[in-house]
Structures are given as structure tokens and as C-alpha cells.
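Written below as C-alpha cells is the structure these notes are about.
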Amino acid sequence: MTINQLSNLPNKSVMSPLDEPSMANVSDIQIQSKEDVFDAYVAHGGRVEASHWMPDAYRKTLIRQVSQHAHSEIVGMLPEANWLISAPSLERKQILIAKVQDEAGHGLYLYSVAETLGAKRKDLTDALIDGRAKYSSVFNYPSLTWADVGTIGWLVDGAAILNQVTLCETSYGPYARAMIRICREESFHQRQGFEALYRMFAEGTDAQRSMIQDSINRWWAPSLMMFGPPDTDSNNSAQSMKWGIKIKTNDTLRQEFVNTIAKQSRIIGVTIPDPSLKWCPVSGNYVFTQPDWEEFYEVIGGRGMCNQDRLENIRRARDDNEWVMDAAEKYEAQQGNYAAGDPNHA
Amino acid sequence: MPELWEVFIRPKNGIDFRHCGSVRAADPELALQAARDLYTRRQEAIAIWVVKSKNIHALDPDIRDVYFASADEHPERYAGYYSLPEASKISRRTAVLEDKKNQLPKSAAFTLTLADSCFIQTQRLCQWCGQAPSLEEEMAISNIALDTLSYARYLYQETINRVELPETPDTLVFKRDARQYRNFRFIELPQYSFADLVLRNLIFSSFLQNMFQRNKIADEKFYSFSEKAIVEIQYHVDHAHNWIRRLSVGTAIAKQRIQSALDIVWPHTRELSLFSEEFDVTDHLQSQTRCSWHHRATDLLREVGLALPSLPDRYRCGYDGYHTEHLGRLISETQSVYREFPGGIW
Ligand SMILES: [Fe+2]
Ligand SMILES: [Fe+2]
């Protein structure tokens with residue numbers, strides 16, 4: 001297949017870049033390496049499926065990104081799970097259970113995307129627990145009050161959505177499809193957080209308003225960090241953009257986030273803890289102060305407030321329940337034996 | 001030179017052993033003999049100990065202050081610290097106990113016990129969030145919790161309607177103290193392992209399903225709620241069945257754990273039959289319907305080779321307000337945010 005032929009493909013083609021007939025073409029014509037054909041295919045908006053040939057580096061980068069994303073969903077359950085028991089109304093409890101459950105579901109969707117790329121969920125989880133894998137730095141901050149549940153929904157899920165919406169266009173088909181499902185669910189997450197804060201702030205007591213402002217003060221900077229380091233310091237970005245694994249740069253997404261949240265904060269009535277935050281009519285953006293990137297690297301490096309707590313929690317869930325999973329596996333094996341050997345148990 | 005032994009004697013029963021001196025002897029037997037000869041010639045003792053002097057370790061007199069200084073500062077350890085009122089000042093007051101349960105008509109006491117049980121079960125399930133054996137189980141447990149929470153909300157409202165209480169489901173949950181909760185006792189017990197979870201779920205779900213089946217017929221208003229709930233609960237029962245089967249035959253460890261979990265919870269099922277007897281709104285039905293949950297549960301447990309412990313003859317029921325120490329703690333946590341923000345809007 002030549003570049004000319006590739007350019008005739010419709011956007012978002014579900015065809016393989018290297019379907020059998022095109023493979024023949026490639027070997028006949030011998031003018032393009034497999035990698036070049038792949039890159040061109042992706043550059044023209046082609047979707048890659050699990051069964052397709054793909055460069056090793058593409059596969060590895062994707063596994064890293066998707067599994068980090070999956071880990072973030074799972075670790076992200078913990079700060080909110082902290083408030084399930086004390087949710088102050090039955091309705092809020094119901095909403096929070098459903099929300100945290102969604103995050104477990106997102107983790108599952110994403111681990112299964114990683115599995116289509118040949119990764120094993122168990123290995124990925126082990127890597128997380130051993131500290132070899134990364135996850136979003138934001139979940140290494142503690143959730144200290146009930147208001148944090150609202151703030152996490154509004155700011156943290158809000159930041160996550162911006163990133164995830166762009167990833168619905170990503171080149172790897174299973175990842176893009178998972179993202180579409182996830183985005184549909186995320187919008188409820190952000191909405192419920194915003195609504196909880198809005199209502200408490202507008203109709204609640206002074207004590208509730210102080211609790212909310214304190215919460216925003218703590219989560220603002222960690223939310224800005226969720227988009228990753230400034231573009232000037234971000235490695236791997238260029239290649240990932242070329243492959244359509246990353247769609248917008250960290251700084252672009254961060255700016256979109258600040259623009260949205262600055263407006264929404266006025267509706268709620270809270271103050272964004274950045275004295276320099278102001279609207280710039282020339283650029284059409286809000287000007288804002290960068291978060292403390294030194295702190296970001298500390299947290300990413302495993303030295304945040306909750307890193308050990310979070311991983312210890314995941315480790316305990318794995319180790320304390322090992323006997324359960326073990327019994328399930330042995331049972332499965334026994335059933336297999338019965339089926340083969342004893343017609344009564346088939 | 002024979003060894004030196006310290007001699008202790010007990011002058012009479014009920015008195016501490018007292019050190020009285022030492023003897024030299026080659027072995028314990030000779031030491032005892034020498035001690036008797038030397039220290040008990042006039043029947044001063046009914047028992048003797050001898051201990052090698054070198055085995056006695058004493059506190060260095062120089063550091064004594066460090067050891068004993070703090071003892072001075074704790075007068076609360078002595079009875080004299082506590083003043084007693086003079087006889088003339090004996091309290092003439094009596095405490096007034098409100099027994100709300102006795103004020104409730106049977107039909108409302110019935111729904112309140114089921115509502116409280118569904119609510120506390122939800123809380124116990126919520127504690128699994130982030131601790132489950134797998135992500136698939138996170139999803140399943142949350143689903144069950146969402147169901148039981150919705151039953152609790154419905155049943156609280158139903159209780160309120162039946163007696164026209166000036167309450168809402170929220171005030172029933174957040175304003176009653178633990179002594180006023182009427183849930184079954186086994187529901188409030190902590191779930192230490194996954195075996196606890198599946199067994200409690202089996203027992204509670206099959207019982208609840210049975211209650212709804214009976215009430216559906218007895219109470220027209222209940223009909224459409226019960227119809228839907230009965231189908232949903234079948235999923236809870238199936239979930240419990242599937243796991244009990246696996247844990248009972250999978251591995252020896254799992255079998256042992258589920259058996260010990262059963263030993264703890266099964267005697268509490270006495271409360272369920274007492275409840276059925278006391279609140280049997282449908283006694284025109286055949287006893288088979290009445291106890292069908294019990295038959296199905298025992299059939300399953302026996303089929304997978306578990307031994308059923310015997311039931312107690314007498315049982316103090318949670319629905320009569322007899323609870324364990326665990327409930328108070330759980331209710332405190334449940335109500336902490338609500339109580340911290342009086343007049344709060346959620
Ligand atoms: Fe998510
Ligand atoms: Fe979310």
C-alpha cells in the first residue's frame with residue numbers, strides 16, 4: 001500500500017493498515033517499511049485494532065498509558081470511598097456508591113484494553129503495588145472533609161473528562177471505544193460534584209461554606225497538575241501526538257480546564273485560590289499561576305502525602321483476598337476435571 | 001559452694017507469697033528441704049517457693065525515679081479519689097426511657113426492622129469499597145449495596161406512612177441513636193472476610209426475598225415494590241450461592257474459613273424465625289412459604305458440605321433493641337458529618 005492509496009482511505013477507517021492484501025502490496029512494492037505504512041495510516045485518522053500489526057514502541061507506549069490510566073481509576077476510588085459510610089444523606093450516599101462503582105468499572109474497561117495489547121491484569125496490578133507503575137498524582141492527596149467529595153467530582157473528574165474526551169479520538173480502537181463509554185459516565189461524576197457544592201454553598205450554613213472553600217484551596221493545585229508537566233518539560237509527547245495516542249498537549253488541556261472552572265467557580269460562589277487569576281481578552285484565556293512543579297515531581301516519585309496509604313490499601317485488598325481467588329481457580333479446575341472424567345458432573 | 005536460693009512462703013491460703021530469706025543448697029529439692037527446716041519450723045507456712053538468687057533481676061536503685069515517678073500523678077487509680085454523696089443527697093430522679101418500638105404498631109415495627117437491616121447491610125457492604133477480592137467483585141458488591149439502600153429508603157418511607165410519623169427517611173437514619181435501631185443483630189457484625197460477606201448476603205437476601213414475597217400478597221401497596229425487589233434480590237442470592245459453592249470446595253483453607261464464618265453467623269438466624277413468628281402478617285399462608293428461605297439456605301449449605309451449628313433456644317433480638325458493641329461505632333460514623341453541621345443542606 002502506498003501513501004496515495006492510504007490517502008484514499010476514509011477517515012476513521014476500520015480497515016487494518018496491513019490487511020492481508022495490503023501486506024502483499026507492501027512486499028511487492030518494497031518502497032515503504034511497515035512502520036512507515038503504519039504511521040501514515042494513523043496520520044490519516046485510521047483506527048488500529050487489536051489484531052493488527054503495530055510497532056513495538058506503539059504497543060509499549062499504549063500499554064504504559066492505558067495501564068496508568070486504569071491504575072488512576074482504581075486508586076481514585078479510595079479518597080471518595082473514605083466518605084461512603086458518613087455520607088450525610090441517603091441520596092448522597094446512593095450517588096456516591098454509584099460514582100465510585102463507575103470508577104471501578106472504568107478501571108475494568110481500561111485493564112481489558114491493556115489486555116488486548118497482550119498485557120496481563122495481574123502483572124499490571126503487581127507493578128502498581130510494587131511502585132513500578134504510575135498513576136495520577138492527584139490521588140495522593142487526602143480527602144479530609146465531606147466537601148472533598150464534591151470538589152473531587154467538580155475539579156478532579158472535571159480535569160479527567162477534558163483529557164478523556166480528546167482520547168475518544170485516539171488511534172487505538174479498543175481504547176477509543178472504552179473512552180466513549182467512560183466519558184458518558186464521567187459527565188455524571190462532574191455534574192454531581194458541581195451540584196453538591198452549588199447546593200451546599202447556596203442553601204447551606206456558614207460552616208458548610210467554610211468547609212467548601214477549604215476544600216477548593218486544597219484541591220486546586222493538585223487538579224492543575226493532573227494534566228502533567230508543562231509542554232516544555234514533557235518527554236514522549238511528540239511521538240505520542242504523532243501516533244494519535246495523545247491528542248492535545250498538557251498545557252492546552254490545562255488552559256481549557258482553567259477557563260471552564262474559573263467561570264463555574266463564580267456560579268458556585270467559591271474563590272479560586274490564585275490571586276493572579278484573571279481574564280485576558282487579548283488571548284481569550286484566563287491567566288493563572290502554575291502549580292508547584294517541584295511538589296508534583298515529589299508526589300510522582302512516591303513521596304506524596306498518601307502514596308504509601310494508597311498502595312498499602314491495594315496491596316491489602318490483593319493479599320487478604322488471595323485465598324478467595326485461589327479457591328475460585330481451584331474450583332474451576334475441579335469442574336474441568338469432572339467434565340472430562342465423570343459424565344455425572346459434566 | 002552450693003548455690004544460693006531465695007525463699008518465699010505463703011503463710012495461709014489467700015495471702016501473697018512473701019520473701020523471708022535465703023538458704024544455700026545444691027539443688028531445688030535440698031533447697032526446699034532447707035527452707036522448710038529454717039523458715040517454717042512453727043507452721044508459719046502452707047507453701048514454699050525457692051528461686052535461685054541469680055535468677056532474680058532487680059531494678060537499679062539509681063534509675064528508680066524514672067520508673068516510679070509517674071505513679072504519683074495518677075490519683076484516679078485510688079478509690080479515695082472518688083467522692084460519695086452523703087446519704088441525705090441520694091438522687092430522687094429517675095431516667096425516662098422512650099421505647100419507640102413499643103409505641104409502633106406491628107405493621108410499622110415490621111417495616112422499620114427491615115429498613116434498618118437493609119440500611120446497616122448497605123453500610124457493611126460499603127466498607128468493602130476498595131477492599132474487594134477483584135474489580136468484578138467491587139462492581140457486584142456496589143450493585144447489591146445500591147439495591148439494599150433503595151429498599152431501605154422505600155421501607156423507611158413505608159414505616160413513616162404507616163404511623164404518620166413526623167419524620168423523613170433521612171431523619172430516621174441520622175437522628176436516631178444506636179439504641180433505637182431495630183436491625184437484625186447479625187447484620188451489624190463486622191465483615192472481617194469475604195466469607196462473612198457471602199454468608200451474610202445469603203442469609204439476609206434469601207430472608208428478605210421471602211419477606212417481600214409474603215408481604216406482596218398481604219399488602220396491596222407493597223405489591224409493585226416487592227415485584228421488582230424480588231427479582232433483583234435473586235441476583236444477590238445467586239451471587240452468594242456461586243461464591244459459597246466455590247469457597248466450600250475450592251481449597252481446604254477456603255473451606256475452613258467459610259465454615260468458621262458460618263459458625264459465627266448461623267446461630268443468629270434464630271432471630272429471623274422469631275421475627276417471622278412475631279410479625280407474621282400472613283399466617284394464613286402455608287408454613288412452607290413461611291420458611292422457604294430457611295429450607296433453601298440449609299439445602300445449599302449442606303449440599304456443599306458445610307456443618308450447620310445448632311441454634312440457641314433463647315435469643316435477644318436486634319429488633320427488640322439488643323445490639324452488639326459494633327453498632328454504636330458504626331452509627332457514630334454514619335452520623336458524623338450530619339451531626340457536625342447542624343442545619344446543613346446536602
Ligand atoms: Fe473514571
Ligand atoms: Fe470519574
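Read-outs throughout are calculated quantities, based only on the coordinates presented, and are distinct from any laboratory measurement. These numbers were taken from a predicted model, which means no experiment stands behind them. Backbone-built Cβ (ideal geometry, glycine too); neighbour counts: all protein chains shown.
For this structure, a couple of remarks:
- Cβ-derived FRET efficiency at R0 60 Å, residue A:233 paired with residue B:10, nearest 0.05: 0.15
- Expressed to the nearest 5 percent, the antiparallel share of DSSP beta bridges inside the protein assembly as shown is 95 percent.
- With the simple spin-label model, which puts each label point 7 Å out from Cα in the Cβ direction, the residue B:177 to residue B:1 separation comes to 6.9 nm.
- What you get for chain B, charging only the Cβ of Lys and Arg (+1) and of Asp and Glu (-1), is a dipole of about 780 debye around the Cα centre.
- In order along region A:78-94, phi translates into HN-Hα couplings of 5, x, 7, 4, 4, 10, 4, 5, 9, 3, x, 8, 5, 5, 5, 5, 4 Hz, rounded to whole numbers, per the Karplus curve 6.51 cos²θ - 1.76 cosθ + 1.60 with θ = phi - 60° and x for Gly and Pro.
- Averaged over the residues of B:141-154, the number of partner chain Cβ atoms lying within 10 Å of the residue Cβ comes to 3.
- Mean projected area (nm²) of the alpha-carbon convex hull when region B:106-340 is viewed from all directions: 12.7 nm²
- Three-way shape label, region B:204-346, alpha-carbon gyration tensor, a/c 1.5: oblate
- Working note: Karplus 6.51/-1.76/1.60 with θ = phi - 60° gives region B:329-341 the couplings 4, 5, 5, 4, 5, 4, 9, 4, 5, 4, 6, 6, 10 Hz, where Gly and Pro are set to x.
- Counting only other chain Cβ atoms within 10 Å of each residue's Cβ, the peptide B:250-260 averages 4.
- Model label points for residue A:35 and residue B:314, set 7 angstrom from Cα along the Cα-to-Cβ axis, are 8.3 nm apart.
- Gain on full stretching of the segment that runs from residue B:302 to residue B:36 - 0.36 nm per residue minus C-alpha separation: 89.4 nm
- For region B:3-55, alpha-carbon Rg over 2.2 N^0.38 Å: 1.04
- A straight chain from residue B:273 to residue B:235 at 0.36 nm per residue would run longer than the Cα-Cα distance by 11.4 nm.
- Too-long pairs where the Cα-Cα distance tops 31 Å, listed order kept, from A:122/A:246; A:330/B:228; B:216/B:255: A:330/B:228; B:216/B:255
- If R0 is 56 Å, the Cβ-Cβ spacing of residue A:169 and residue B:252 corresponds to a FRET efficiency of close to 0.60.
- Extension gain from residue B:66 to residue B:329, taking 0.36 nm per residue of separation minus the Cα-Cα distance: 90.9 nm
- Shape call, region A:220-346: gyration tensor on alpha carbons, a/c limit 1.5: prolate
- For chain B, relative contact order (Cα pairs under 8 Å, six or more residues apart, normalised by length) works out to 15 percent.
- Prolate/oblate/rounded call for chain A, Cα gyration tensor, a/c under 1.5 rounded: oblate
- Value of [θ]222 nm, deg cm²/dmol, for the protein assembly as shown, DSSP H segments ≥ 4, -39500 (n - 2.57) each, nearest 500: -19000 deg cm²/dmol
- Estimated dipole of chain A in Debye, rounded to 20 [Cβ of Lys and Arg +1, of Asp and Glu -1, Cα centre]: 660 debye
- For region B:315-346, applying the loop criterion from DSSP together with a ceiling of 14 other beta carbons within 10 Å to the trypsin sites (Lys or Arg not before Pro) yields B:316.
- Length-normalised contact order for region B:78-162 - Cα pairs under 8 Å, 6+ apart - percent: 37 percent
- Taking every alpha-carbon pair under 8 Å whose residues sit at least 6 apart, chain A reaches a relative contact order of 17 percent.
- Evaluated over the protein assembly as shown, the Cα radius of gyration and Dmax, each in Å: 33.9, 120
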